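The structure appears below as structure tokens.
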Amino acid sequence: MKKLFARAAASLSGRYRTMSIQMVISLSFTAAAVAGMVLMGLSLVWRYSAGTEQLVRENTERVLGQVNMNMDSYLRRMMRVSDTMYYRIIKNADLATQSLDEGMELLYEENRDELISIAVFDSKGALVAGTPLTALKEGADPASSDWYQAALDKMENLHFSTPHIQRLFAVPDENFRWVVSLSRYVQLTREGSTYSGVLLVDMGFSGIEQVCRDVELAGGGYIYLTDAAGELIYHPRQQLIYAGLDTENNLADAALPDGTHTETFEGERRLVTVKTVGYTGWKLVGVVPRAGAGDDGGYIFLFGLSMLLFSAFLMAFLNFRISARISDPIRRLEQSVKELEAGAREVAIKEDGCYEVRRLAHSIASMVSTMRHLMDDIILQEKRKRRSELEVLQSQINPHFLYNTLDSVIWMTEAGRYDEAIQMVTSLARLFRIALSRGRSFIPLADELEHARHYMTIQQIRYQDKFTAAVSAGEGTEGLYTLKLIVQPLLENAIYHGMAGCEEDGRITVTAKRDGGDLVIDVSDNGVGMPPEVVERLLDESQPQTRSSGSGIGVRNVHRRIRLTFGEGYGLEVFSEPDEGTTVRIRLPALTAEEAAQLQREEEP
């Protein structure tokens, strides 16, 4: 991933370098505008989503509040039935002489749409009175029922059961009915004495179901009802849940405090609103999926996306036009500079555009004018410099060496030694030809060594073969180039200093070889050598230079020329001991013809 990002960044960087200023301005402005619009759009979407979610919360809480009121009203009616039955009928009747049936039947008839049955049981669970169901099923034991025990355990409370099938009374049509039982403790009177009993009011579950069933929440939400422990009383998918084909987070939701909460159930984020039903401890739970918190979210997204694309297109068009107006003067200025680079002498530089561009154009025009004058001056100076270089090259051959060579030619001619005279004149001519080299600073290594051979030939004839000379090039040096006239000064130094104390058997050798990526040329003699302090001082720029009796260039000048051309890693090294001779090593880069030509072009004006 990191490498992919690095490649993408490098690609963008490369494209950025090749873009025009108009494209850069246009893309930059467009990117900034689109980024701003995206941020603003995201902010608006976030605000819209937050506002929509808040509306959904409020709407769900309002709906649950209404359902709670309806449920409370329904339960209050059942509680009023129970209170009426107890306080107006049971308490005012002595079962020894009076029956509860008439009052119970009237009460049932008034509320028959919500009621399944009303029944009174004594302390042993025997049926005292009931309507419209009056006969218990065979084997039924009311005293062992949960509603019966709850009524006796907590005498002061009303007790609501969870929905269950009515299995207590015998039903003529044998239909199973789902009921919710409301039970309470009552005191029965018989012959002036009171004893314990239980009043049972069975409400039809359809009433509760009807209160919850027709409720709709936003985004496909729904509500369900549990008891205080989380057991389901009503759920729109209750049968599927009981069959194990669906699930609900009812136990966790029933434990939540009243209010709206966010939860994740089976990978789905949803809003859960909890409301406690009074008197019963039941929990109304409203569930709204977060994805459906705003039904028009998809339309809002598509509308926002289309507006963003249209705005981006409009901004790109406007930015392109504006950037073109800004960049046109710069592009014209660039074209003028390109014409100048191509060598055009007269180029019209138009000064228009914004203030900075006009000032830049004016500066370039002034610079071009100044450059033209400077170029004329440089051309004149280069002509003078070339003449001076020619004079320096000519002065590199010591006049005394030239005079002595010509004198030697004259006396050898007079003495009839024509072959030696011809050889000396020929070597002198070739010496000058290589020294000039058409003004080039870099010449083939073979020419430099040839120059050394001719020089040594002349000196050997002059000194009557007082020393021998050998020039050789090792394998791998073919085709290499070198800085010219760097060997001759070292040969002069070897002759005038190394051979000065030798009576005979003097020997000077020049060897060239490859050393890795370098070219090494060793100039060795078997002369008198030098003590260490002289060797250290020989190449030290801080020490005064002793002018040799040779060409005048000197060993130190050769060292300086090489370092100025190739750097501090190259130059001369001197190895010498008294009476052991001297070796001066020249270290250069191994230059090919192309590299030498490149260096030559860099030196040329």
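The values are calculated or read from the model by the stated rules, or taken from the named source; none is laboratory data. This structure is a prediction, so every number in the text was calculated from the model and none was measured. Ideal geometry is used to build each Cβ from the backbone, glycine not excepted, and the neighbour counts take in all protein chains shown. Accessible surface areas use protein heavy atoms only, side chains included; no ligands, DNA or RNA. Shrake-Rupley method; radii C 1.70, N 1.55, O 1.52, S 1.80 Å.
In a DSSP loop and with at most 13 other Cβ atoms within 10 Å, the chymotrypsin sites (Phe, Trp or Tyr not before Pro) in the stretch 440-517 are 463.
Annotation for the stretch 57-127: trypsin sites (Lys or Arg not before Pro) lying in DSSP loop with at most 14 further Cβ atoms inside 10 Å of their Cβ are 91, 112, 124. Remark: spin-label model distance residue 40-residue 413 equals 10.0 nm, labels positioned 7 Å along the Cα→Cβ axis. Measuring nothing but how far apart in sequence close Cα pairs (under 8 Å, 6+ apart) lie, relative to its length, the stretch 213-281 scores a relative contact order of 23 percent.
Across the stretch 409-491, Cα pairs under 8 Å and at least six residues apart give a relative contact order of 34 percent. For the pair residue 91 and residue 264, a Förster radius of 51 Å applied to the C-beta separation gives a FRET efficiency near 0.40, rounded to the nearest 0.05. How much net charge surrounds residue 161 when only the other residues with a Cβ under 15 Å from the Cβ of residue 161 are counted, with Lys and Arg +1 and Asp and Glu -1? Overall, the nearby charge balance is -1. For a distance above 25 Å, tell me the whole-number percent of Cα pairs in the stretch 416-536 that qualify. Everything past 25 Å amounts to 29 percent. The Rg/Rh ratio of the stretch 463-529, with both radii computed over alpha carbons and Rh defined as the Kirkwood radius, is 1.03.
So for 87, 148, what's the accessible-area order with a 1.4 Å probe, most first?
87, 148
The Rg/Rh ratio of the stretch 130-226, with Rg taken over Cα atoms and Rh as the Kirkwood radius over Cα pairs, comes to 1.08.
Think of each Lys and Arg Cβ as +1 and each Asp and Glu Cβ as -1; about the Cα centre, that makes the dipole of the stretch 90-162 roughly 220 debye.
Each listed q (0.23, 0.24, 0.25, 0.32 Å⁻¹) maps to a log10 I(q)/I(0) for the stretch 251-293 from the Debye sum over equal C-alpha point scatterers, namely -0.74, -0.79, -0.83, -1.15.
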